[in-house]
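K.L.:
My structure is below; once you've seen it, I'll send some questions.
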């Protein structure tokens, strides 16, 4: 597909959260739940994988929130250990999958908007 067509600007947050192409806003960003598609099926844009950037945000934010909730529950109600396992394990898994997809989509869109590329050493 030709790259010289004009595409209206897309909000990187809006297209990232909705899992759409950052250039045309139509194609899907993911091939599965978390697997990034190699390119947009609508406009042909090759997607750049953000690597572990999304995982870092998920781990830092999620661990803080889940640990705060678990500590609050423990010091407020002192439930048995099995309550923590039954409550926090599904919450952690669901949070990680959902947050990783959302943040990964936004990072891919931001890479496109800011024309991110591999670092090059200038002579």
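The values are calculated or read from the model by the stated rules, or taken from the named source; none is laboratory data. As the structure is a computational prediction, the values presented were derived from the model and not from experiment. Cβ atoms come from the backbone with ideal geometry, glycine included; neighbour counts cover every protein chain shown.
One line per residue, one yes/no per condition, for (1) in a loop (DSSP other than H, G, I, E, B); (2) touching a helix residue (DSSP H, G or I) at 6+ places or on another chain (Cβ under 7 Å); (3) modelled with pLDDT of 95 or more:
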site	(1), (2), (3)
7	yes, no, no
63	no, no, no
68	no, no, yes
83	no, no, yes
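K.L.:
Report the residue count in segment 20-35 for those that are in contact with a strand residue (DSSP E or B) (Cβ under 9 Å, 6 or more places away or on another chain) and buried (at least 17 other Cβ atoms within 10 Å of the Cβ).
P.N.:
4
K.L.:
Now, a different point. Mind listing whichever residues of segment 103-123 are surrounded by fewer than 18 Cβ atoms within 10 Å (Cβ to Cβ) and in a helix (DSSP H, G or I)?
P.N.:
Those that are surrounded by fewer than 18 Cβ atoms within 10 Å (Cβ to Cβ) and in a helix (DSSP H, G or I): 110, 113.
K.L.:
Going by the structure shown, is residue 99 assigned to a loop (DSSP other than H, G, I, E, B), touching a helix residue (DSSP H, G or I) at 6+ places or on another chain (Cβ under 6 Å) and touching a residue at least 12 places away in the same chain (Cβ under 8 Å)?
P.N.:
no
K.L.:
Mind listing whichever residues of segment 41-61 are under 24 Å from residue 119 (Cα atoms) and either outside any loop (DSSP other than H, G, I, E, B) or without any contact (Cβ under 8 Å) to a residue 24 or more places away in the chain (or both)?
P.N.:
Listed by number, the residues that qualify are 46, 51, 52, 53, 54, 55, 56, 57.
K.L.:
Could I ask something else about it? Determine, yes or no, whether residue 73 is assigned to a helix (DSSP H, G or I), surrounded by 14 or more Cβ atoms within 10 Å (Cβ to Cβ) and more than 13 Å from the chain's Cα centre (by Cα).
P.N.:
Answer is yes for this residue.
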